[in-house]
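For reference, the structure discussed in these notes is given below.
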Amino acid sequence: MKYVKWLLLAILDVLFNIIAYITNPIVVLTASEYGNLPWLLTWWDNYDDCMDVEWFLKEGHVPSWAVYDYDKHYRFHDSSEGLRTRGIAKSYVDILDWNFTLKERLQRYVCRVLWLYRNCAYGFSYYVTGIDVRRDDIVKIKTEEQDGYIYYVTDYAWVYKDERPSFFGLRWDNFVGWKMQAVTEDVERCMLAFRITPFDKKE
């Protein structure tokens, strides 16, 4: 039954992802200066990150023409610091300089859109198609990630992650079920996972 439940929720998740892909460039326009969407757009937003994530800008995930002087404008705090200082496990920024040029605002807009595409419909996959998992319910059937895959189950949930070689020097990147492989709390919300491809490049 848990597999049928996942399949139905995955179909719903895909349908909303299509909506999000179409609307992300418009939704970004409603973001605050701190890189958060309004509450009504929670399904588009990340539950654990703002949109102005430092490493996303600095580690080659956006085109060079969209990179602006991040350190001039922001100081980034990751989700663990957010939990410690604000009681919410979500990253945030301090704004050091509010004076963005028109070019910088356009560059920031591009970076935010790309961030939403990277994490498309993240909030929907967490709040709507995600489920609460009790840590003590998890049975680890396959746990050795160095062997290339893991498989955990409960009576009501499951996760399968496979990164073994596929062909032509590539590898599988399969991640399906719910993201419960790293549950640390007694009860933790786990977002739906649905990624299947044999074409991932080896790191």
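The values are calculated or read from the model by the stated rules, or taken from the named source; none is laboratory data. Quick caveat: nothing in here was measured; it's all calculated off a predicted structure. Cβ: placed from backbone, ideal geometry, glycine included. Neighbour counts: every protein chain shown.
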- Subset of segment 64-78 that is touching a residue at least 24 places away in the same chain (Cβ under 8 Å) and surrounded by 18 or more Cβ atoms within 10 Å (Cβ to Cβ) - its residue that is farthest from Ile95 (Cα to Cα): Tyr68
- Message: Quick test of your reading of the structure: Val133 fulfils all but one of (1) part of a helix (DSSP H, G or I); (2) closer than 28 Å to Val14 by Cα; (3) of a type outside the set (S, T, N, Q). Name the failing condition by number.
- Response: (1)
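Quick check on segment 132-139. Is at least one of its residues farther than 22 Å from Trp6 by Cα, of a type outside the set (Lys, Arg) and either surrounded by fewer than 12 Cβ atoms within 10 Å (Cβ to Cβ) or in contact (Cβ under 8 Å) with a residue 60 or more places away in the chain (or both)?
Of segment 132-139, the ones farther than 22 Å from Trp6 by Cα are none.
Looking for residues that are farther than 22 Å from Trp6 by Cα, of a type outside the set (Lys, Arg) and either surrounded by fewer than 12 Cβ atoms within 10 Å (Cβ to Cβ) or in contact (Cβ under 8 Å) with a residue 60 or more places away in the chain (or both), one finds none in segment 132-139, hence no.
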- Going through segment 163-187 one residue at a time, which ones are assigned to a strand (DSSP E or B), at pLDDT below 90 and crowded, with 19+ Cβ neighbours inside 10 Å? Arg171, Asn174
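Collect the residues in segment 42-66 that are hydrophobic (A, V, I, L, M, F, W, C) and more than 21 Å from Arg105 (Cα to Cα), keeping them in residue-number order. Before the answer, list the steps.
From segment 42-66, those hydrophobic (A, V, I, L, M, F, W, C) are 43-44, 50-51, 53, 55-57, 62, 65-66; that's our starting set.
If the condition is that a residue be hydrophobic (A, V, I, L, M, F, W, C) and more than 21 Å from Arg105 (Cα to Cα), then Trp43 is the only one that fits.
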- Under the condition of being at pLDDT below 95 and assigned to a helix (DSSP H, G or I), which residue from segment 82-103 is farthest from Glu188 (Cα to Cα)? Thr85
- Just give me the residues in segment 31-63 being outside any loop (DSSP other than H, G, I, E, B) and surrounded by fewer than 17 Cβ atoms within 10 Å (Cβ to Cβ), in sequence order. Trp39, Leu40, Leu41, Glu54, Trp55, Lys58
- Task: Select, from Tyr74, Tyr92, the only residue that is of a type outside the set (D, E, K, R) and under 28 Å from Phe16 (Cα atoms).
- Result: Tyr92
